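Novice: Could you have a look at this structure, given as structure tokens, before my questions?
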Amino acid sequence: MTEQKPTILAIDDEADMLETYRSILAKKYNFLSAATGQKGLDLLKKEPVDLVLLDMKMPKMSGIQVLKLIKESDQEIEVIVITASKEIETAVEAMKLGAYDYIVKPFDTSELKILIERALNNKALARENLYLKETLKETTTYCDLIGRSAAMKNLFATIDKVAPTDSTILINGESGTGKELVARAIHKKSKRDGKPFVAINCAAIPENLLESELFGHERGSFTGALERKTGKFELADGGTLFLDEIGCMPAAMQSKLLRVLEAKAIERLGGEKSIPVNVRIISATNINFQKEIDEGKFRSDLYYRLNVIPLNLTPLRERKDDIPLLTEYFLGEFNKELNKKIKGLSPEALKAFADYDWPGNVRELQNMIERLVVLAGGDTVELADLPFSGVVTEPMAQDENLLKNAMEDHEKKLLLRALSEHNNNRTAAAKALGIARSSLNSRIEALGLALSD
Ligand SMILES: Nc1ncnc2c1ncn2[C@@H]1O[C@H](COP(=O)(O)OP(=O)(O)OP(=O)(O)O)[C@@H](O)[C@H]1O
Ligand SMILES: [Mg+2]
């Protein structure tokens with residue numbers, strides 16, 4: 001992801017402090033500074049600022065006053081206030097006014113950097129959530145189907161076209177892509193809405209029972225047929241019959257089904273009468289039909305009869321635009337159902353969602369979110385909460401300073417730790433690090449660690 005650098009504005013009356021901020025932040029961020037509250041507010045009107053570092057103790061306009069005015073003009077700007085240890089009440093008041101956090105002087109630079117990163121992430125997440133909520137309001141739902149990708153929009157348009165006809169439709173798609181939901185949407189958009197939508201899963205019913213399930217039977221027509229049974233065809237009369245996993249239909253049933261489709265009438269098992277039925281057939285499969293036909297396992301004449309209009313559902317990994325939207329939708333649903341308040345996924349977790357392949361498609365996503373909502377500790381789902389976070393590998397960024405920066409970061413951490421463990425006594429810290437005091441001093445300077453002596 002190539003992103004613009006965030007902009008940070010530091011407002012502080014001490015020129016030294018502004019210089020320190022510049023030295024630690026100017027590399028990574030667009031850095032702006034202002035020596036008074038008023039100058040800072042003027043800059044905010046001109047520049048899009050993401051985060052303000054605000055000194056609380058300034059002559060003329062106080063930090064609190066500046067904070068109020070910043071938040072009045074733009075709630076979204078994150079503010080980290082800088083206080084002296086004596087003014088902790090001011091810090092608390094600042095938090096109430098909407099500051100993101102405060103940091104007490106003197107602080108170490110890594111602490112400040114971490115706080116800044118966290119505040120910026122928070123802002124990005126808030127913005128992302130807002131954006132998702134807005135887009136969710138757009139026309140992204142079609143009956144119960146959710147999607148905004150080109151593939152889904154296309155599907156909605158196709159359903160609009162084919163729903164009003166009586167043509168048979170064969171929906172092809174991997175498991176969990178929403179075949180049943182699509183079949184229901186077609187029914188809903190057709191003139192048969194209001195009449196029954198009846199579904200039967202051909203793979204789930206033993207071969208000897210399938211015929212009776214579909215066409216019904218008369219009492220006594222076979223051992224165990226104690227009552228007359230109405231079959232799915234009759235139940236669906238006037239409406240739609242959804243034949244799920246049609247590829248699993250046994251050969252004998254295929255011939256019977258073909259006959260019924262041609263005659264537009266059924267005969268109950270053990271019955272003599274031909275009963276006219278007016279049913280629209282929608283079937284679904286997740287297998288490669290051509291192979292079944294080539295191998296003689298599925299009758300090609302029945303296939304053509306069922307497949308007047310083919311609808312192919314796109315796997316989720318090929319319409320990644322839909323992932324954030326579906327995520328937001330299911331989060332909302334499971335929050336309601338489980339009485340939780342999970343706000344969203346962190347940007348890293350959302351990226352891992354986008355990178356993952358979702359072999360179980362929308363159903364897998366739905367189940368995953370249910371699990372995350374049940375198990376969530378905080379109010380945000382983090383990368384570490386995801387079961388597959390370990391397999392997502394970021395392509396290495398092109399950065400000539402990559403190794404140097406990583407080593408410097410590590411070195412800074414070590415220096416800071418040694419110093420803090422020895423109460424800032426540089427001689428002791430240098431000894432612990434196994435270097436001369438003069439080397440420690442020069443490394444502190446080279447790394448731009450703003451430390452008081
Ligand atoms: N576009 C979508 N919007 C919202 N929910 C969806 C969408 N697609 C699928 N779902 C949900 O995902 C789950 C699986 O959908 P469905 O049962 O329709 O898939 P399927 O293709 O029939 O899967 P299978 O082949 O495994 O039967 C359901 O809970 C459904 O509500
Ligand atoms: Mg299904």
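The values are calculated or read from the model by the stated rules, or taken from the named source; none is laboratory data. Keep in mind that what you see is a predicted model, and the values were worked out from it rather than measured. We place every Cβ from the backbone using ideal geometry, glycine too, and count neighbours over all the protein chains shown.
Novice: Identify, please: which residue in region 279-302 is crowded, with 19+ Cβ neighbours inside 10 Å and closer than 20 Å to Thr158 by Cβ and is, among those, farthest from ligand 1 (Cβ to nearest atom)?
Specialist: Arg280
Novice: Please tell me if Leu243 is away from ligand 2 (no atom under 16 Å from the Cβ) and among the aliphatic types (A, V, I, L, M).
Specialist: no
Novice: Separate question: Only residues that are farther than 24 Å from Lys86 by Cα and either hydroxyl-bearing (Ser, Thr, Tyr) or in contact with a Pro (Cβ under 7 Å, 6 or more places away or on another chain) (or both): list them for region 31-50, please.
Specialist: Once the filter is applied, which keeps residues that are farther than 24 Å from Lys86 by Cα and either hydroxyl-bearing (Ser, Thr, Tyr) or in contact with a Pro (Cβ under 7 Å, 6 or more places away or on another chain) (or both), region 31-50 yields Ser33, Asp50.
Novice: Moving on. Would you please name the residue that is surrounded by the most Cβ atoms within 10 Å (Cβ to Cβ), looking only at residues in region 173-193 that are touching a residue at least 40 places away in the same chain (Cβ under 8 Å) and more than 10 Å from ligand 1 (Cβ to nearest atom)?
Specialist: Ile186
Novice: Determine the pairs where a residue that is in the same structural domain as Val198 (by TED's automatic domain parsing) and over 26 Å from Ser190 (Cα atoms), located within region 238-258, has a partner that is of a type in the set (Asp, Glu) and more than 16 Å from ligand 1 (Cβ to nearest atom) with Cβ atoms under 7 Å apart, the partner being 6 or more residues away or on another chain.
Specialist: Between residues of region 238-258 that are in the same structural domain as Val198 (by TED's automatic domain parsing) and over 26 Å from Ser190 (Cα atoms) and residues that are of a type in the set (Asp, Glu) and more than 16 Å from ligand 1 (Cβ to nearest atom), the close pairs are Pro250/Glu207; Met253/Glu211; Lys256/Glu211.
Novice: Only one residue in Ile159, Ile200 is within 22 Å of Asp321 (Cβ to Cβ), touching a residue at least 24 places away in the same chain (Cβ under 8 Å) and not polar (S, T, N, Q), so which one is that?
Specialist: One residue alone meets the criteria, Ile159.
Novice: From the list Ala203, Ala185, Ala225, exactly one residue is part of a loop (DSSP other than H, G, I, E, B) and within 16 Å of ligand 2 (Cβ to nearest atom). Which is it?
Specialist: Result of the check over Ala203, Ala185, Ala225: Ala203.
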